[in-house]
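K.L.:
What follows is a single structure, and I will ask about it in a moment.
None of the figures in this text is laboratory data; all of them are computed from the coordinates on show. Remember, it's a predicted structure, so these values are computed and weren't measured experimentally. No Cβ is skipped: glycine too gets one built from the backbone with ideal geometry, and neighbour counts run over all protein chains shown.
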Amino acid sequence: MNEPLLPRIGTVGFDGPRERTFSRLGLVEYQESFTGTPSERSLRRLRRRAGDDFTFVLRASAVITHGGEPLLDRLRLAYLPEGRLPRAPFELDELTHAAWRFTLRSAEALGAGAIFWQTPASFRPTPRSRARLARFAERHLAGSSLPIIWDAMGLWEPDELKAASQDLGLVPCRDPLLEERAFPGRSYLRVMGKARTAHGLGSDELYLLADAVEASELPWVALHTATPFRDARSLSQVVAGA
């Protein structure tokens, strides 16, 4: 029988010195792999600095999820042929294959506990989008040992996201401060909250998040608030004292 996962609370990207993050938090959603090409050597070095108990969630390459978006026009990625870009998310072509191989190599070098991808607002729950995502998942995710977390920014209703995630073996992403209903099974808590104020999360919000962590089968939380490190520390203290 598998042991229950320990809560891992941290930030989307590094907020402040990395050593402070490694010593005081439990998780970082690593962003540099989304629009850059960190070397495997630098990722292994970062893994050693973090220590074995620290959890990284590595963000998948933008080439996979953001095909056709203006964002890609500004990127120069070593694993892509010069001047060639995918036309849509989750294309089954050599470009997304190369980006997926880069993502997997990066996740292995970093010792990541999961891979995260976020689909843009233009990726709506249409039959074409569903079919494209299903074909990519069938081709690349079968037998994957790492959980794949999906944050859908388009007009996906919670029930649609839950059903699609279950069908494809993905872990849905949710913000308990915006969507209080829990998904059955596992979900990844990625928190922006109702207002990105400079004052950080209030006590009511922290206790609501602590309840969501306690109820989750995957008690991992990445804070993307205006003061993520401070909020992550506050939430860790609330969870530890619960």
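K.L.:
Which angle from 0 to 90°, rounded to the nearest 10, does the C-alpha axis of helix 40-50 make with the longest principal axis of the chain?
P.N.:
So the inclination is approximately 10 degrees.
K.L.:
May I pose another question? Modelled label-to-label distance, residue 37 and residue 135, 7 Å Cα→beta-carbon offset: nm?
P.N.:
That separation, rounded to one decimal, is 2.7 nm.
K.L.:
While we're looking at this one, here's another question. Per residue, how much space in cubic angstrom lies within the convex hull of the C-alpha atoms of the stretch 21-143?
P.N.:
Convex hull volume per residue, Cα atoms: 114 Å³.
K.L.:
If you filter the stretch 111-184 for GluC sites (Glu not before Pro), then keep DSSP loop positions with at most 14 other Cβ within 10 Å, what is left?
P.N.:
Taking the stretch 111-184 and a limit of 14 other Cβ atoms within 10 Å, the loop GluC sites (Glu not before Pro) found are 179, 180.
K.L.:
Counting helices only, and only those DSSP H runs with n ≥ 4, report the 222 nm mean residue ellipticity of the chain as the sum of -39,500 (n - 2.57) divided by its residues, in deg cm²/dmol to the nearest 500.
P.N.:
It lands at -11500 deg cm²/dmol.
K.L.:
Reported to two decimal places, what Rg/Rh ratio describes the stretch 8-241 when computed on Cα atoms with Rh from the Kirkwood expression?
P.N.:
Expressed as Rg/Rh, it is 0.95.
K.L.:
Given contacts defined as C-alpha pairs under 8 Å and at least six residues apart, what's the relative contact order of the chain, whole-number percent?
P.N.:
21 percent.
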